[in-house]
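Novice: This is the structure I have questions about; it appears just below.
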Amino acid sequence: MRVQYVAKPRHRTVRSLIAAVAFAAASLTAAAHAFKLGSIEIVHPSARPTAPGQSVGAGYFTLVNKGAADRLVSATTPAASMVELHSMSMDGNVMKMRQIDAIDVPAGQTVELKSGGLHLMLMGLKAPLKDGDRVPLTLKFEKAGSIKVIVNVEKAEATKVDEHKH
Ligand SMILES: [Cu+2]
């Protein structure tokens with residue numbers, strides 16, 4: 001798992017804060033941020049910048065469930081007219097994407113939304129997503145309820161290729 005969770009500052013001593021900053025710098029990843037809803041953590045919501053005229057964008061994050069099984073059932077954002085839940089899988093040499101009703105978050109499990117796998121599809125973007133933008137996103141879980149998170153718009157890491165195409 002390429003997940004980096006940084007605890008909330010109020011739980012840190014100065015020494016551990018320095019250690020965390022050093023670790024973040026060394027890991028070459030963008031600053032991680034995380035949100036908590038009951039026993040579910042939503043780690044580092046992010047989206048890729050989009051080209052002018054492109055009407056869809058993909059959103060990613062990692063769900064860490066330390067409690068009972070739940071399901072992500074919907075998402076909304078003021079930045080797009082609607083958000084769909086999508087899965088991707090290889091069918092022979094073809095990457096197939098389909099809309100799904102929910103993303104299962106099994107008890108005690110970690111579920112990663114990432115390029116080439118499960119993701120959110122932002123449909124009908126009202127403006128291009130620009131590197132550095134911060135986009136509010138409301139996630140609704142079947143049992144845990146709803147939470148508003150902030151999506152960081154940022155370029156994919158150089159070593160990763162964004163396979164997402166529509
Ligand atoms: Cu999609």
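Novice: Could you list all residues from the range 124-137 that are touching a strand residue (DSSP E or B) at 6+ places or on another chain (Cβ under 9 Å) and not in a strand (DSSP E or B)?
Specialist: Across the range 124-137, the qualifying residues are Lys126, Pro128, Leu129, Lys130, Asp131, Gly132, Asp133.
For every residue, the table says whether it meets (1) surrounded by fewer than 16 Cβ atoms within 10 Å (Cβ to Cβ); (2) within 14 Å of the chain's Cα centre (by Cα); (3) more than 20 Å from Val64 (Cα to Cα); (4) not acidic (Asp, Glu).
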site: Val83; (1), (2), (3), (4): no, yes, yes, yes
site: Met88; (1), (2), (3), (4): no, no, yes, yes
site: Ala107; (1), (2), (3), (4): yes, no, no, yes
site: His119; (1), (2), (3), (4): no, yes, no, yes
site: Leu122; (1), (2), (3), (4): no, yes, yes, yes
site: Phe141; (1), (2), (3), (4): no, no, no, yes
site: Ile147; (1), (2), (3), (4): no, yes, no, yes
site: Ile150; (1), (2), (3), (4): yes, yes, no, yes
site: Val153; (1), (2), (3), (4): no, yes, yes, yes
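Novice: Considering only the range 78-109, state which residues are polar (S, T, N, Q), out of contact with any Asp or Glu (no Cβ under 9 Å at 6 or more places or on another chain) and over 16 Å from Ala47 (Cβ atoms).
Specialist: Ser87, Ser89, Asn93, Gln109
Novice: Checking Ile150 against (1) touching a strand residue (DSSP E or B) at 6+ places or on another chain (Cβ under 7 Å); (2) more than 18 Å from His33 (Cβ to Cβ), only one condition comes out false. Which one?
Specialist: (2)
Novice: Quick check on Ser74: is it more than 12 Å from the ligand (Cβ to nearest atom) and either assigned to a loop (DSSP other than H, G, I, E, B) or in contact (Cβ under 8 Å) with a residue 24 or more places away in the chain (or both)?
Specialist: Yes: the conditions hold for Ser74.
Novice: With at pLDDT below 95 and outside any loop (DSSP other than H, G, I, E, B) as the only criterion, which of Met97, Met121, Met82 stands out?
Specialist: Just one listed residue meets the conditions, Met97.
Novice: Please tell me if Leu72 is under 15 Å from the mean Cα position of the chain (by Cα), buried (at least 16 other Cβ atoms within 10 Å of the Cβ) and at negative phi.
Specialist: So Leu72 fits the description; yes.
Novice: Within the range 49-69, which residues are away from the ligand (no atom under 12 Å from the Cβ), buried (at least 17 other Cβ atoms within 10 Å of the Cβ) and not hydroxyl-bearing (Ser, Thr, Tyr)?
Specialist: Within the range 49-69, Phe61, Leu63, Val64, Asn65 meet the criteria.
The values are calculated or read from the model by the stated rules, or taken from the named source; none is laboratory data. All figures in this text were calculated on a predicted structure; none of them were measured in a lab. Cβ sites come from the backbone with ideal geometry, for glycine too, and all protein chains shown count toward neighbours.
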